[in-house]
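Engineer: Can you keep this structure in mind? I'll have questions shortly.
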Amino acid sequence: MDSDALRREADAFCRYLVDAPPPDALIERYVRANDVLLTEAPSPGDQAVIDFACAHPRSIAMLDAGTALSGKAPLFRKKLLVMMAIVETTPAFVGQTEPRNASLPGLAARLGLSAARMAVNVAAGLALSTAIARRRRG
Amino acid sequence: MAEVDVIVVGSGPSAVNAAYPLVEAGLRVTMLDVGNRDTTYEETIPEGPFSELRRTDEQQHRYLLGESFEGIAFGHAGAGAQLTPPRQYVARDAERLLPIVSGSFFPLQSLAEGGLGGGWGAGSPQFCEADLDGFPIRLTDLQPHYEAVAARIGISGAHDDLVPFLGDLQAMQPAVAIDSNGESILRRYQKRRAAANQAGLFLGHPRLAMLSQPLRGRSPTRYWDMDFWSDAGKSIYRPRWTVDELRGFPGFRFVGRRLVQSFTETADGGVIVAARDLDSGRIEELRARAVVLAAGTLGTARIVLRSFQLYGRRIPLVCNPHTYVAMLNANSLGKDARDARHSMAQLCVVHAPDGAQRRFTVGHVYSYRSLLLFRLMKYSPLPFREGMEMLRLLSPSFSVLILQHEDRPSPDKYCALARAGDGGEDRLEVEYALSPSDRAQHDAVETAVLRGLLRLRCVTLRRLHEGNAASTHFAGTFPMSEAPARDDDLTTDKHGRLRRARNVYIADGSVFPSLPSKGLTFTMMANADRIGCHLRTVLRPGSR
Ligand SMILES: Cc1cc2nc3c(=O)[nH]c(=O)nc-3n(C[C@H](O)[C@H](O)[C@H](O)COP(=O)(O)OP(=O)(O)OC[C@H]3O[C@@H](n4cnc5c(N)ncnc54)[C@H](O)[C@@H]3O)c2cc1C
């Protein structure tokens with residue numbers, strides 16, 4: 001796949017996961033991982049979601065939530081997983097990825113917040129991915 | 001052709017423990033093995049605790065994800081799920097050189113120095129009398145060899161509620177410490193012990209081939225949580241440590257890069273072993289007074305069937321069915337988790353409604369720490385950002401229960417050798433199917449165990465059956481029996497001697513007629529030591 005496109009993906013996905021741009025080394029690692037692991041050609045549906053995500057990075061949270069539930073766009077999710085693996089093994093991001101302790105009330109509050117955000121994103125994401133699919137077909 | 005006393009095939013847990021008493025008695029022993037080693041990662045992993053390396057080592061991706069990102073690999077992980085990139089050498093070349101044809105059985109095999117023992121989980125319970133039902137040996141036959149192997153490899157454990165189920169050892173080291181997640185479950189169990197026991201549930205420390213005290217130049221565990229990645233300190237037993245010890249004896253020779261093909265017996269009682277040199281492609285012949293086959297159950301099956309040209313002949317195969325259960329341990333929610341921990345099983349769970357006199361079910365509880373969160377996300381239907389946040393909060397309270405069920409031979413579980421058509425390797429064809437009544441029985445046991453654990457506040461999230469071969473506990477192909485030999489009898493006598501041959505012994509899982517619900521490896525090592533001790537008295541009368 002075109003490595004400029006992969007670099008754009010790396011930038012967008014890293015910002016989505018940890019709110020920070022990836023250092024150059026991480027971008028190169030992401031490109032290499034894609035070359036090794038994700039050799040299959042994307043389905044048109046997958047490609048449309050990936051293109052939309054890179055063009056509108058703010059939509060990634062919604063698309064991720066929508067496709068997690070619908071199971072559509074499996075390549076998009078594999079790419080997010082690759083970036084998560086890369087981010088998780090980078091010391092600069094350890095504060096955002098390592099297991100954390102929390103008191104019971106803190107745990108309940110954080111889980112509640114995540115669940116609420118997720119619910120909103122799932123609803124928006126399902127609508128958005130349907131719209132992307134419709135636009136591609138029509 | 002020069003002759004040695006014994007050729008041992010393989011260098012896994014069974015091979016090295018069969019070789020040890022022979023070599024120690026001064027016999028000349030040659031070990032033939034492919035002997036793959038990790039040439040990529042061993043040197044790149046710094047020494048230090050996992051949590052510290054995560055924070056400081058810029059190169060961690062090289063071993064945590066792998067140089068070719070093999071640690072991320074998509075698709076079915078199966079039995080290799082525990083094999084992190086630094087452990088994957090254990091399975092290298094096996095698919096190519098030991099091909100399996102099956103629609104129902106996808107085993108992990110090894111051509112490594114140390115065999116599958118290079119990546120095993122070190123769970124080391126003893127068999128008890130009920131487990132040996134159908135074996136021609138009793139616990140008293142094995143006990144001295146459990147002690148000898150425990151002193152050689154190091155077994156740690158506790159004298160707790162599980163002694164009637166896991167056995168007792170004089171040579172046992174004190175138990176290694178349980179992590180905070182496991183501790184909270186054990187505390188809960190201790191408070192509700194009477195009710196749990198009445199329901200047939202018992203909990204305690206696992207028996208582990210992991211050191212809590214120094215042994216033979218190896219260090220006790222440092223609680224660095226690096227056990228899935230590195231062998232620094234050598235606290236977990238790997239058969240390679242015994243190969244290194246054996247190399248110090250003058251009578252021992254390790255010959256690597258040899259794929260053993262077959263054996264033939266000569267009129268004067270010797271045995272000739274044919275092995276392919278994997279570098280030159282040439283077949284070499286070596287001669288010995290006796291041969292010990294310990295190429296792993298499936299590897300040994302190939303060699304025996306090929307030696308007797310028994311292509312197409314079906315032989316039995318057993319393998320513990322495994323169930324993985326992801327659980328949330330509510331006892332540890334909201335509590336701080338300690339970083340200092342080891343990575344192996346934290347607790348052992350026994351379900352024994354009829355006590356230790358009847359067969360019972362054993363499981364091990366792991367915590368989920370050093371295998372990284374992204375692996376969990378592979379199986380999760382959550383979006384990554386929120387999923388990661390939730391896993392960060394909940395993973396210190398995750399537990400994974402691995403339950404294994406007993407297995408007995410049946411006409412639906414067998415393997416047979418098929419001749420290679422194209423100059424390639426002979427293929428082992430395997431069929432393995434559990435009966436509906438087996439499945440119903442497993443389901444009933446699992447339901448009872450999970451109900452018991454729920455009372456200890458461990459909530460089941462998901463039950464997973466990873467496929468028939470997931471346990472990698474293979475056995476039963478050339479079972480030991482008391483039965484008198486028939487001409488074509490592919491069984492072994494109580495000393496592991498193949499009845500169809502005079503001086504060919506089998507020391508791996510092949511000789512176990514059935515498998516109780518326990519890891520077989522410690523018992524296999526004890527049995528291999530027993531066979532080695534017997535063989536040295538045959539070859540050197542007067543030695544004990
Ligand atoms: C991830 C994992 C976790 C495990 N955890 C546990 C556990 O906690 N407890 C437990 O009891 N068991 C466990 N096991 C199973 C355990 O590793 C095996 O039971 C054990 O290694 C089998 O030992 P073996 O000596 O019979 O054969 P193997 O370990 O399979 O070794 C076979 C040896 O034979 C050699 N060989 C094979 N064919 C040939 C040939 N034709 N010519 C020359 N050499 C050959 C190989 O190179 C190798 O050295 C685990 C296994 C895995 C993979």
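Engineer: Is it the case that some residue within segment B:338-346 is buried (at least 16 other Cβ atoms within 10 Å of the Cβ), among the polar types (S, T, N, Q) and over 30 Å from B:F202 (Cα atoms)?
Structural biologist: No, the conditions are met nowhere in segment B:338-346.
Engineer: Open to solvent by less than 20 Å² (accessible area, probe 1.4 Å), more than 6 Å from the ligand (Cβ to nearest atom) and more than 14 Å from chain A (Cβ to nearest Cβ): which single residue out of B:P125, B:P86 fits that description?
Structural biologist: Testing whether each residue is open to solvent by less than 20 Å² (accessible area, probe 1.4 Å), more than 6 Å from the ligand (Cβ to nearest atom) and more than 14 Å from chain A (Cβ to nearest Cβ) leaves just B:P125.
Engineer: Testing A:R100 on (1) among the basic types (K, R); (2) under 13 Å from B:P383 (Cα atoms); (3) at the interface with another protein chain (Cβ under 9 Å from one of its Cβ atoms), one condition comes back false. Which one is that?
Structural biologist: Condition not satisfied by A:R100: (2).
Engineer: When both residues are 6+ apart or on different chains and their Cβ atoms are under 7 Å apart, which pairs have a first residue that lies in segment B:33-59 and is within 12 Å of chain A (Cβ to nearest Cβ) and aliphatic (A, V, I, L, M), and a second that is more than 16 Å from the ligand (Cβ to nearest atom) and open to solvent by 20 Å² or more (accessible area, probe 1.4 Å)?
Structural biologist: So the pair list comes out as B:L53/B:P46.
Engineer: Condition check: surrounded by fewer than 24 Cβ atoms within 10 Å (Cβ to Cβ), more than 14 Å from chain A (Cβ to nearest Cβ) and either within 12 Å of the ligand (Cβ to nearest atom) or part of a loop (DSSP other than H, G, I, E, B) (or both). Does B:K494 satisfy that?
Structural biologist: So B:K494 fits the description; yes.
Engineer: Determine whether segment B:169-180 contains at least one residue that is part of a strand (DSSP E or B) and either of a type in the set (A, V, I, L, M) or open to solvent by less than 10 Å² (accessible area, probe 1.4 Å) (or both).
Structural biologist: For segment B:169-180, residues part of a strand (DSSP E or B) and either of a type in the set (A, V, I, L, M) or open to solvent by less than 10 Å² (accessible area, probe 1.4 Å) (or both): absent.
Engineer: Further question on the same structure: If we scan segment B:135-150, do we find a residue that is farther than 26 Å from B:H495 by Cα and either away from the ligand (no atom under 16 Å from the Cβ) or at pLDDT 95 or above (or both)?
Structural biologist: Checked segment B:135-150: no residue is farther than 26 Å from B:H495 by Cα and either away from the ligand (no atom under 16 Å from the Cβ) or at pLDDT 95 or above (or both).
Engineer: Listed residues B:G256, B:G270, B:G296, B:G233; which is at positive phi and either among the basic types (K, R) or surrounded by fewer than 24 Cβ atoms within 10 Å (Cβ to Cβ) (or both)?
Structural biologist: Answer to the selection: B:G233.
Engineer: Where in segment B:1-76 are there helices (runs of 4 or more DSSP H), lying fully within it, with 3 or more residues that are more than 16 Å from the ligand (Cβ to nearest atom)?
Structural biologist: In segment B:1-76, the matching helices (runs of 4 or more DSSP H) lie at B:50-56, B:60-64.
Engineer: I need a count of the residues in segment B:288-321 that are outside any helix (DSSP H, G or I), within 16 Å of the ligand (Cβ to nearest atom) and either at pLDDT below 95 or of a type in the set (G, A, S) (or both).
Structural biologist: Residues in segment B:288-321 being outside any helix (DSSP H, G or I), within 16 Å of the ligand (Cβ to nearest atom) and either at pLDDT below 95 or of a type in the set (G, A, S) (or both): 4 in total.
Engineer: Let me ask another. Which is more than 16 Å from the ligand (Cβ to nearest atom) and either crowded, with 24+ Cβ neighbours inside 10 Å or of a type in the set (D, E) (or both), of B:I155, B:I185?
Structural biologist: Checking each option against the conditions leaves just B:I185.
Engineer: Scanning for something more than 8 Å from chain B (Cβ to nearest Cβ) and open to solvent by 40 Å² or more (accessible area, probe 1.4 Å), does segment A:76-92 turn up at least one residue?
Structural biologist: Yes, because at least one residue in segment A:76-92 is more than 8 Å from chain B (Cβ to nearest Cβ) and open to solvent by 40 Å² or more (accessible area, probe 1.4 Å).
Engineer: Output yes when any residue across segment A:18-31 is over 23 Å from B:E70 (Cα atoms), at pLDDT 95 or above and in a helix (DSSP H, G or I), and no when none is.
Structural biologist: yes
Engineer: Select, from B:A130, B:A91, the only residue that is under 19 Å from B:Y41 (Cβ atoms) and either more than 7 Å from the ligand (Cβ to nearest atom) or over 18 Å from the mean Cα position of the chain (by Cα) (or both).
Structural biologist: Sole residue among the options that is under 19 Å from B:Y41 (Cβ atoms) and either more than 7 Å from the ligand (Cβ to nearest atom) or over 18 Å from the mean Cα position of the chain (by Cα) (or both): B:A91.
Engineer: Quick one: in segment A:103-138, of everything that is basic (K, R) and away from every other protein chain (no Cβ under 11 Å), which residue is surrounded by the most Cβ atoms within 10 Å (Cβ to Cβ)?
Structural biologist: A:R136
Engineer: Separate question: Take the conditions modelled with pLDDT of 95 or more, crowded, with 22+ Cβ neighbours inside 10 Å and not in a loop (DSSP other than H, G, I, E, B) and apply them to B:V400. Does it pass?
Structural biologist: no
Engineer: Name every residue in segment B:106-122 that is on the phi > 0 side of the Ramachandran plot and within 6 Å of the ligand (Cβ to nearest atom), in order of residue number.
Structural biologist: B:G115, B:A122
Engineer: Next question. Residue under question is B:G114, and the condition is that it be open to solvent by less than 20 Å² (accessible area, probe 1.4 Å), at pLDDT 95 or above and within 14 Å of chain A (Cβ to nearest Cβ); does it hold?
Structural biologist: Against the criterion (open to solvent by less than 20 Å² (accessible area, probe 1.4 Å), at pLDDT 95 or above and within 14 Å of chain A (Cβ to nearest Cβ)), B:G114 does not qualify.
Engineer: Quick one: would you say B:T460 is open to solvent by 50 Å² or more (accessible area, probe 1.4 Å), away from chain A (no Cβ under 14 Å) and either within 30 Å of B:L186 (Cβ to Cβ) or within 13 Å of the ligand (Cβ to nearest atom) (or both)?
Structural biologist: Against the criterion (open to solvent by 50 Å² or more (accessible area, probe 1.4 Å), away from chain A (no Cβ under 14 Å) and either within 30 Å of B:L186 (Cβ to Cβ) or within 13 Å of the ligand (Cβ to nearest atom) (or both)), B:T460 qualifies.
Engineer: Would you call B:W241 part of a helix (DSSP H, G or I), buried (at least 17 other Cβ atoms within 10 Å of the Cβ), within 15 Å of the ligand (Cβ to nearest atom) and not aliphatic (A, V, I, L, M)?
Structural biologist: Considered against the rule, which asks whether it is part of a helix (DSSP H, G or I), buried (at least 17 other Cβ atoms within 10 Å of the Cβ), within 15 Å of the ligand (Cβ to nearest atom) and not aliphatic (A, V, I, L, M), B:W241 comes out as yes.
The values are calculated or read from the model by the stated rules, or taken from the named source; none is laboratory data. Bear in mind the structure is a predicted one, so any value in this text is a computation, not a measurement. Because the Cβ atoms are built from the backbone with ideal geometry, glycine has one as well, and the counts that use them run over all protein chains shown. Side chains are part of the model used for accessible areas, which takes the heavy atoms of the whole protein and leaves out ligands, DNA and RNA. Shrake-Rupley method; radii C 1.70, N 1.55, O 1.52, S 1.80 Å.
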